[in-house]
Amino acid sequence: MNEKYTLDNLPLNKSAVVNNVNCKESLKNRIYDLGILNNVKITPVYKSPFGDPTAFIVKNAIIALRNKDCKNITVTPI
Amino acid sequence: MFVRNSVAAKISVNENERTDFKIALAGNPNVGKSTVFNALTGLKQHTGNWTGKTVECARGTSKIFDKYFSVTDLPGTYSMLSFSKEEEVAKDYLAGNEIDCVVIVIDSNVIERNLSFALQVLSLQTKAVLCLNLSDEAEKNGICIDKDELSLNLGIPVISTCATKKRGLKELKSLIYDVCTGKTKCFRVSRLYENVDVLNSDSHRENAEILSQHCKDICAKCVCNNKNIINERTKKLDKILTSKITGIPIMLLLFGFIFWITAVGANYPSEWLSIFFDFLKTNLYTLFSYLNVPQFFTGLIIDGIYTTLTWVVSVMLPPMAIFFPLFSIIEDSGYLPRIAFNLDKFFSNCGAQGKQSLTMAMGIGCNACGVTGCRIIESPQERLIAVLTNNFMPCNGRFPTLIAIIMMFFAGSTLAFVNSIKVALILVSVIVLCVIITLITSKLLSVTVAKSEPSSFVLELPPYRKPQIFKTIVRSLFDRTLFVLGRAVAVAAPAGAVIWLMANIKVGDSSILMHCTQFFDPFGHLLGLDGVIVMAFILGFPANETVIPIIIMSYMSAGTLVDYTSYDQLFSLLTANGWTTTTAVCMMIMCIMHFPCSTTCLTIKKETGSLKWTAVSMIIPTVIGIILCLLTANILSLF
């Protein structure tokens, strides 16, 4: 149940809560600003035609992130 | 379309104007600030459904009851701890100015996240109004908001609006009036800002977390049904428009379709306009000879100024007046960010990023606007790459030239259905080629002069919205027409005069123009062009619109007196002067790849702050264009 995922390998349409955002400083701030903070629910919904980036639903908005940045965000599926 | 921002900013800043109060519009990107701004000021700032459309402050004035208000529309901002260039503008303004009332515009659909920004603003400024915009959409999505409770929690008045339908704007105005005049008091809810210092970048995460928690608590009290209800339509559309199989083909088809309508639709008004202008010209000649106007002035005014001016209007205006309204509809629908999303992979492989495709789309309107738009790209290196390569997108002044050449040399100028499809296909291929050149150049730049660390791409994809088709078309048509006409008067007319003088002032036994074209002729032929074309590109530096009229005038002054009211006649003028398919191909290459126009160069200088990069932006496309022309001309001559 308490399995840890990074955001990039969370399957589509599987919701999770954010545990930790560990990207480099400037990106981290932008990610926080978009509402991706600890304990916030996040759901990947679709991928771009070339598999990267991926679109996520966070707080009722759709946010696109690159897979390589998602690697630095750990989540717990719910 | 894209030019409106700066125009609005310029025309309305009048320091001497009477203003009683200062108000500012702030909010997350793409929540409808510009629409509210337009509604308040009666100005017509350009609006569109994507993040980063407004990158500069726009100012206007508004009269509410008996008072005058100066209104500043700040660029959309996700947070006060800015790190993209356009956000800094907003932060500096809010942190450094005494404002009588900040209108915080938020998207009711994403209220929880938007509130976080509202709190950041409120920690800096106390007098404010919260404007819950897009309320009709939120209602449809089943979100209801207790405004009174929210108002109590934040200490400021709250109002729900739907700016596109003008709902709630009257009430908003009187609220602003009341807050400014002190009739309505705002109070500071200090507990919300305990341990929060939004201007201190070291505690960003703590700030964000504290505020996010506050927002969650407030929403729990004031918002019902705040589940994750993304509009089903958006989800369904995205399944198709960003899918592996259909995503890219639909994008190409869509652009092909727009180009097709443009090519087919523009031909008729073009023809009518040139017939009309031609008729007028004959009458002008009669009038001038009746008035005994000296030959010199008749030539200068009719053959020089009038001819160039009317060419620009009749050939440039119709395609642009059709293309841009269509493009604006797409823009309003929210599709543009999906293009960035779809193409990011390509851009990331080239050391750039998907948002560059947004600036490229702006470049089709006007490269100078595209260059300014590059501010939405956060990484300085990627921004530089986007600025330096923007010129590869054929702008307003070059696009119709491409259409004209394609029609004359590759598709047949008659409007048979097959021909028009051909035009659209060739145009799509040309644009794809432009994109490929942009990508290759970006890659080269990213490994040489603009070495960038692997960067990131974070973009909000807005919900699809039904564009206000009629309003958009009318607005865009009007804007575009004014823009092209303005340019025609400002640059095409003087250019016409200069060329005519050059063609008619003789030094030795031939005109200045002849001397120049002869000088460039050997070089031109090397590139599959001729001296006249090379000259035209150089003289077209102030405005690319004038390139073709300069070519026409040069050929005509060389003795081949042909009238060119239709593409057929222009075609015979060009072929009589030695144009072949090779010339046409090389001409198109040169048209896409040469130094940016003077306005764009100035903008690049302004945005990069460096003469070096401005020079680089001129050299790169010119060198690539010359090389490609050399290759093309030589390869095609083998056949």
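Rule-based calculations on the coordinates, nothing more; no lab input. Not measured: the values here are computed from a predicted model. Cβ sites come from the backbone with ideal geometry, for glycine too, and all protein chains shown count toward neighbours.
Applying 0.36 nm per residue to the separation of B:ARG205 and B:LEU433 and subtracting their alpha-carbon distance, the gain on full extension is 77.7 nm.
Packing, taken as the mean count of other beta carbons within 10 Å per residue, orders the peptides B:201-209, B:132-140 from highest to lowest as B:132-140, B:201-209. Measuring spread by the Cα atoms of the protein assembly as shown yields a radius of gyration and Dmax of 27.7, 96 Å.
The length gained by stretching the chain between B:SER190 and B:LEU280 to full extension, at 0.36 nm per residue less their Cα-Cα distance, is 25.3 nm.
Put a dot 7 Å past the Cα of B:LYS140, heading toward its Cβ, do the same for B:SER289, and the two dots end up 6.4 nm apart.
What the Cα atoms of the range B:311-375 give is an Rg and a Dmax of 13.8, 42 Å.
Fewest Cβ neighbours within 10 Å first, please rank B:ASP479, B:ASP73, B:ASP146 accordingly. List each step's numbers first, then the result.
Values: B:ASP479 21, B:ASP73 30, B:ASP146 14.
In order of increasing Cβ crowding within 10 Å: B:ASP146, B:ASP479, B:ASP73.
Applying 1/(1 + (r/R0)^6) with R0 = 51 Å to the Cβ-Cβ distance of B:THR581 and A:THR6, what FRET efficiency is obtained, to the nearest 0.05? Please report the intermediate quantities before stating the final value.
Values: r = 55 Å, r/R0 = 1.08.
Calculated value: 0.40.
At 222 nm, what value in deg cm²/dmol follows for chain B if DSSP H runs of at least 4 each add -39500 (n - 2.57) and the sum is divided by all its residues, to the nearest 500?
Values: 28 runs with 376 residues, N = 639.
One gets -19000 deg cm²/dmol as the mean residue ellipticity at 222 nm.
Which value, to two decimals, describes the C-alpha radius of gyration of the range B:4-229 once divided by 2.2 N^0.38 Å? Spell out each step's value before the answer.
Working: Rg = 16.3 Å, N = 226, 2.2 N^0.38 = 17.3 Å.
Relative to the rule-of-thumb radius for its length, the range B:4-229 sits at 0.95.
Under Stokes-Einstein, with the Kirkwood radius over Cα pairs standing in for Rh, what whole-number D in µm²/s applies to chain A at 37 °C and 0.692 mPa s? Each step should come with its number before you reach the end.
Values: Rh = 12.1 Å.
Estimated via Stokes-Einstein, D reaches 271 µm²/s.
Show me the helices of chain B, taken as full DSSP H stretches, that run 30 Å or more along their long axis by Cα and average -0.5 or above in Kyte-Doolittle hydropathy. Result, helices passing both filters: B:247-290, B:417-447, B:611-636. Placing dummy labels 7 Å off each Cα toward the beta-carbon, the span from B:LYS605 to B:LYS22 is 3.1 nm. Which of the residue pairs B:LYS244/B:LYS345; B:LYS91/B:LYS355; A:LYS41/B:LYS235 have a Cα-Cα distance greater than 20 Å in the structure shown? In this structure, B:LYS91/B:LYS355 exceed 20 Å between Cα atoms. Here, chain B is characterised by an Rg to Rh ratio of 1.02, where Rg is the alpha-carbon radius of gyration and Rh the Kirkwood radius.
Annotation: the residues B:SER476, B:SER151, B:SER34, sorted from fewest to most other C-beta atoms within 10 Å of their own C-beta, follow the order B:SER151, B:SER476, B:SER34.
For a quick protection proxy, order the peptides B:627-637, B:365-375 by their average other-Cβ count within 10 Å, most packed first.
Numbers: B:627-637: 15.5, B:365-375: 27.4.
Descending mean neighbour count gives B:365-375, B:627-637.
The mean sequence separation of alpha-carbon pairs under 8 Å and at least six residues apart, normalised by the residue count of the range B:4-229, gives a relative contact order of 20 percent.
With the Cα gyration tensor of the range B:292-439 in hand, give its eigenvalues times 5 under a square root as the equivalent ellipsoid semi-axes, listed largest first in whole angstrom. Spell out each step's value before the answer.
Working: eigenvalues 237, 83, 37 Å².
Taking √(5λ) for each Cα gyration eigenvalue gives 34, 20, 14 Å.
Please compute, for peptide B:603-610, the average count of beta-carbon atoms on other protein chains lying within 10 Å of each residue's beta-carbon. Show your work: numbers first, answer last.
Details: counts 0, 0, 0, 0, 0, 0, 0, 0.
The per-residue average across the peptide is 0.
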